[in-house]
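First up is the structure itself, then whatever we jot down about it.
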Amino acid sequence: MLFDTHVHLNADQFNEDREEVIRRAQDEGVTHMVVVGFDRKTIPLAIEIAENYDFIYAAVGWHPVDAIDMTEEDLTWIEELSRHEKVVAIGEMGLDYHWDKSPKDVQKDVFRKQIALAKRVNMPIIIHNREATEDIVEILQEEQAGQVGGIMHCYNDHVDYAKTCLDMGFHISLGGPITFKNAKDPKLVAQEVPLEKLLIETDCPFLAPHPNRGKRNEPAYVKLVAEKIAELKDLSVEEVARQTNENARQLFKI
């Protein structure tokens, strides 16, 4: 009953064996996935994949790294696509200060516009955060994003920020980094955040969990994330899988 809440099966890395990857995920107990589209290329493919599989859904949004490329037409397009029966969230959106393609003020503007869009269509949002936690929290608070809630995707920050996000009504999603030997913050977050507010993900093809670190990630590996959370919380893997699956289905209204 594993629910991988964030996959990029629409990435070029899966062009040669996408069906096999999906089959392996099913064999490992993955019952649901959300394919995330974040630009003109990946959004249509996310929806196409979701249309082809009953248990796969899509999210549509605009990635902060490419914020400078987003037009008003793109925003309108995303809003139109949000009405598709297999689209369950808006995102991924947020801020990324690691790369310098898009100026910070442009990223913030596009972020705010997508939060407003999500509120108009009443859908949860998926937050991408890289080296921008304080600004993201400030914008979420100012834009009252808690009205729709959503996911702090692949959370890799201090537990205090996680609690702030919980207070706003967001879920915390943990991925491969929780299995890394030096990943202190994600491990502490897993221990401190109530299971009812946790989600699991792979962010495949990126961030493969140990012992596959450095290789192409895939949805089947989300089981390794669930196993690590179970270990840290002294719970069974089955309980972690069941509750995180239920959390995701309630959030996405599946």
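Could you give each residue of region 197-212 its phi-based ³J(HN,Hα) in whole Hz, using Karplus coefficients 6.51, -1.76, 1.60 with θ = phi - 60°, and x for Gly or Pro?
10, 9, 10, 10, 7, 10, 6, 4, x, 9, 6, 4, x, 4, x, 9
Express as a percent, rounded to the nearest 5, the fraction of DSSP beta bridges in the chain (both residues included) that run antiparallel.
Beta bridges within the chain, antiparallel portion: roughly 0 percent.
Distance check, please: which entries in K86/K197; K163/K184; K184/K233 exceed 18 angstrom between their Cα atoms?
Among K86/K197; K163/K184; K184/K233, the Cα-Cα distance tops 18 Å for K86/K197.
Residues with amide H under 5 Å of I200's amide H, sequence separation 5 or more or different chain, H placed in the peptide plane at 1.01 Å from N; which?
T5, L174
Report the chymotrypsin sites (Phe, Trp or Tyr not before Pro) located in region 173-252 that are in a DSSP loop and have at most 12 other Cβ atoms inside 10 Å of their Cβ, or state none.
In loop regions of region 173-252 (DSSP not H, G, I, E or B), there are no sparsely surrounded chymotrypsin sites (Phe, Trp or Tyr not before Pro).
Treating region 180-251 as a set of equal point scatterers at the Cα positions, no solvent, please give the Debye-formula log₁₀ I(q)/I(0) at q = 0.11, 0.18, 0.21, 0.26 Å⁻¹.
-0.25, -0.69, -0.94, -1.29
What list of ³J(HN,Hα) values in whole Hz, one per residue of region 240-254 in order, does the Karplus curve 6.51 cos²θ - 1.76 cosθ + 1.60 (θ = phi - 60°) give from phi, with Gly and Pro shown as x?
Result, rounded to whole Hz: 4, 4, 4, 6, 5, 5, 4, 4, 5, 5, 5, 5, 7, 6, 9.
About the Cα centre of the chain, what is the dipole size in debye to 20, counting +1 per Lys and Arg Cβ and -1 per Asp and Glu Cβ, all else neutral?
That gives a dipole near 420 debye.
Among P64, L117, L140, flag the residue with its Cα farthest along the positive direction of the charge dipole of the chain, charges on Cβ as +1 for Lys/Arg and -1 for Asp/Glu.
L140
Using a Gaussian network model on the chain with a 10 Å cutoff between Cα atoms, which of P209, P103, P186 fluctuates the most?
P103
So which chymotrypsin sites (Phe, Trp or Tyr not before Pro) in region 1-91 pass both tests, a DSSP loop state and at most 16 other Cβ atoms within 10 Å of the Cβ?
Of the chymotrypsin sites (Phe, Trp or Tyr not before Pro), the ones in loops of region 1-91 whose Cβ has at most 16 other Cβ atoms within 10 Å are Y53, F55.
Can you give me the convex hull volume of the Cα atoms of region 29-181, divided per residue and expressed in Å³?
117
Convert each backbone phi in region 104-109 into a coupling constant with the Karplus relation 6.51 cos²θ - 1.76 cosθ + 1.60 (shift: θ = phi - 60°), then list the ³J(HN,Hα) values in order as whole Hz, x for Gly and Pro.
Going residue by residue, I get 4, 5, 5, 4, 4, 5 Hz, with x marking Gly and Pro.
From the residues L95, M152, N52, which one has its Cα farthest along the dipole of the chain in the positive direction, the dipole being from +1 and -1 charges on Cβ of Lys/Arg and Asp/Glu about the Cα centre?
Value computed over the given set: M152.
Near the amide H of N217, under 5 Å away, which other amide H atoms are found, from residues 5 or more places off or on another chain, if H is placed in the peptide plane?
F206, A208
Name the shape class, rounded, prolate or oblate, that the alpha-carbon gyration tensor gives for region 1-69, where a ≥ b ≥ c are the square roots of its eigenvalues, rounded holds for a/c under 1.5, and otherwise prolate holds if a/b is larger than b/c and oblate otherwise.
Taking the square roots of the gyration eigenvalues as a ≥ b ≥ c, region 1-69 is prolate.
If exposed GluC sites (Glu not before Pro) are those in a DSSP loop with at most 10 other Cβ within 10 Å, what is the longest stretch of the chain that has none?
With a cap of 10 other Cβ atoms within 10 Å, the longest stretch comes to 86-254.
Computed from the coordinates by the stated procedures, all read-outs in this text should not be read as laboratory data. These numbers were taken from a predicted model, which means no experiment stands behind them. All Cβ positions, even for glycine, are placed from backbone atoms using ideal geometry, and neighbour counts span all protein chains on display.
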